[in-house]
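One structure below.
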Amino acid sequence: MKYWKSISNTTNETKWLKNGLMKGFVDGSLGSHTAAFNEPYSDKKEDKGLFIVDVDSLYQWISNADFNDLQVTVHAIGDRANNTILNTFERVIEENGNRDRRFRIEHAQHLANNDIYRFSKLNVIASMQPYHAIDDGRWAEELIGKERIKITYAFKSLLDANTTLVFSSDWPVAPASPIYGVYAAVTRQTTDGKNPDGWVPEQKINVAEALMAYTKNAAYSSFDENIKGTLESGKLADFVILSEDLFSIEPNKIKDVHVLQTYIGGNKVFGELCCY
């Protein structure tokens, strides 16, 4: 992969910058009815959403980027958009040959049942944002109905299918805090308080799985697993000290946990020394 040289060999001006990733978009968003679905929206029977790029153009730029050793990630929300991207990735893999390319789909929010297993089969990373589940969960059923929400933000189903699941924030569209993201993935309690047991609770995951998606898997998704993502000798010491143990408190209290200290590369950049 044609990435920026390793952090240990860069200057202070360049060590935070890395190139090599190409991002594209297929459809829009659920709330605006521009996410592309196989079936019409439940509240607009004539509307299936839309593609913002034609399929042939999508294939051409993905194929060209992949041929030139660029990693590719594509925004896809609706089940038709996700299916189209998976089909395109599969075609490009067949034509350009097998290698460690780590294709990603950004969001992967609404999936068809038959596409769940294809992420693992094609080694496609599902890069998702847990906060959207507890935000969209307030109103999503009105737009796509009771059946389609069963595999929306399908964290558990994807993990069960051995998919590499990665979490991020989607800031500034959603809060940047990974702590709030862990809370969302573990509880799926919507922001309006109307789903105390979780919205689509069968898609909840546990704290360890959520943290893995934010750390080790996130580093893997950007080809950085050799320098970060886990606390090991020889890697960057990027970590935080929290006010509570996420593994021991009640899940609904995770959102109230705050950062006491932040370390980057082993250097404290936020917080005072702890007194305990």
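The values are calculated or read from the model by the stated rules, or taken from the named source; none is laboratory data. These numbers were taken from a predicted model, which means no experiment stands behind them. As a convention, Cβ positions derive from the backbone with ideal geometry for all residues, glycine included, and neighbour counts pool all protein chains shown. Just the protein is used for accessible areas: all its heavy atoms, side chains included, with ligands, DNA and RNA removed. Shrake-Rupley method; radii C 1.70, N 1.55, O 1.52, S 1.80 Å.
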*Determine the distance separating the Cα centre of the range 114-161 from the Cα centre of the range 226-248; give it in Å without decimals.*
27 Å
*Select one label from (i) 37, 29, 16; (ii) 61, 19, 14; (iii) 31, 27, 15: the one whose number is semi-axes √(5λ) of the Cα gyration tensor in Å as derived from the coordinates shown.*
(iii)
*When the chain is modelled as a GNM with alpha-carbon springs shorter than 10 Å, which of ASP135, ASP27, ASP100 fluctuates the most?*
ASP100
_To make sure I understand the rule: partners must be aspartates and glutamates, Cα under 17 Å from the Cα of LYS121, and not fewer than 8 residues away in the same chain. Which ones qualify?_
GLU90, GLU94, GLU95, ASP100, ASP160
*Anisotropy class of the range 123-187 from Cα gyration tensor, a/c 1.5 cut*: oblate
*Place a label point 7 angstrom from the Cα of ARG99 along the Cα-to-Cβ direction, then list the residues of the range 68-82 whose backbone nitrogen is under 19 Å away.*
68-74
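Taking R0 as 25 Å, what's the FRET efficiency between TRP61 and LEU17 from their Cβ-Cβ distance, rounded to 0.05? Numbers along the way, then the final one.
Details: r = 23 Å, r/R0 = 0.92.
Efficiency for this residue pair is about 0.60.
Can you check how the C-alpha radius of gyration of the range 164-261 compares to 2.2 N^0.38 Å, as a plain ratio? Mind dumping the intermediate values first?
On the way: Rg = 14.1 Å, N = 98, 2.2 N^0.38 = 12.6 Å.
Normalised Cα radius of gyration, the range 164-261: 1.13.
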*How many percent of the accessible area of the range 35-89 is carbon or sulfur, using a 1.4 Å probe?*
49 percent
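Expected output is a single nm value to one decimal: the length gained when fully extending between LYS44 and GLU202, i.e. 0.36 nm times separation in residues minus the C-alpha distance. What is it?
On the way: separation 158, 0.36 × 158 = 56.88 nm, distance 2.74 nm.
Here the answer is 54.1 nm.
Over the range 197-260, average the accessible area per residue using a 1.4 Å probe and give it in Å², no decimals. Please report the intermediate quantities before stating the final value.
Working: 3680 Å² over 64 residues.
About 57 Å² of surface per residue is accessible.
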*Calculated log₁₀ intensity ratio I(q)/I(0) where the Debye formula runs over C-alpha points of the range 75-132, q = 0.12, 0.29 Å⁻¹*: -0.26, -1.30
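Based on the Cβ-Cβ distance of GLU272 and PHE223, what FRET efficiency does E = 1/(1 + (r/R0)^6) give at R0 = 25 Å, to the nearest 0.05?
On the way: r = 35 Å, r/R0 = 1.41.
Approximately 0.10, to the nearest 0.05.
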_Paramagnetic reach from ARG91 in the range 108-126 [backbone N under 19 Å; point 7 Å along Cα→Cβ]_ = 115, 118-119, 122-124
*asked:* Counting heavy atoms of the protein chains only and a 1.4 Å probe, report the per residue accessible area for the range 48-149 as a whole number of Å².
replied: 41 Å²
*Which entries of LYS23/LYS268; LYS146/LYS216; LYS204/LYS253 show an alpha-carbon separation above 22 angstrom in the structure shown?*
LYS23/LYS268; LYS146/LYS216
*What residue among SER32, SER222, SER42 shows peak mean-square fluctuation when the chain is described by a Gaussian network model with Cα springs under 10 Å?*
SER32
*Compute the length gained on full extension between VAL53 and ASP160: take 0.36 nm times their separation in residues and subtract their Cα-Cα distance, giving the result in nm to one decimal.*
35.4 nm
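Would you work out what percent of the accessible area of the range 139-183, with all protein chains in place, is carbon or sulfur (probe 1.4 Å)?
Details: 1160 of 2070 Å².
Of the solvent-accessible surface of the range 139-183, carbon and sulfur hold 56 percent.
Which value at 222 nm does the chain reach when only helices count, each DSSP H run of 4 or more adding -39,500 (n - 2.57), with the total divided by all residues and rounded to the nearest 500 deg cm²/dmol? List each step's numbers first, then the result.
On the way: 9 runs with 82 residues, N = 276.
Dividing the helical sum by the residues of the chain leaves -8500 deg cm²/dmol.
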